[in-house]
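Here the structure is laid out as structure tokens; the discussion comes afterwards.
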Amino acid sequence: MSNTQGLSRILGLVQMGSPTGEARATKVLDYDPDGYLIYSGTSEMGTTKDAAAWQISKYVYDGNNNLTDVQWAHGDANFDNVWDNRASLPYS
């Protein structure tokens, strides 16, 4: 895997039910230094990363770097988390 140096990257826009095909959401991904996806966030387009309006999931790997679990911030898929706080949120 390529080294992304743990920086968050905007993957692009996600279509979310718009009949006109207009993009209405933003997807943000955060990788570890080895290039493994650790966090994924989705929010309405234009939402700042410090707003409590993100749906955040965390990816868990075993010792062989196999994906073993996808957990949600605060144990749910609600759009009420702060992307900038993703590392300190509880996941289940």
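Summed over region 53-68, residues that are in contact (Cβ under 8 Å) with a residue 12 or more places away in the chain and assigned to a loop (DSSP other than H, G, I, E, B) total 1. The residues listed here are Asn3, Asn64; of these, the one that is modelled with pLDDT of 95 or more, on the phi < 0 side of the Ramachandran plot and not aromatic (Phe, Trp, Tyr) is Asn64. Once region 39-52 is narrowed to residues that are surrounded by fewer than 17 Cβ atoms within 10 Å (Cβ to Cβ) and in a strand (DSSP E or B), the residue that is modelled with the highest pLDDT is Ala52.
The values are calculated or read from the model by the stated rules, or taken from the named source; none is laboratory data. What you see is a predicted model, and the numbers here were worked out from it, not measured in a lab. Reconstructed Cβ throughout: ideal geometry from the backbone, glycine too, with neighbour counts over all protein chains shown.
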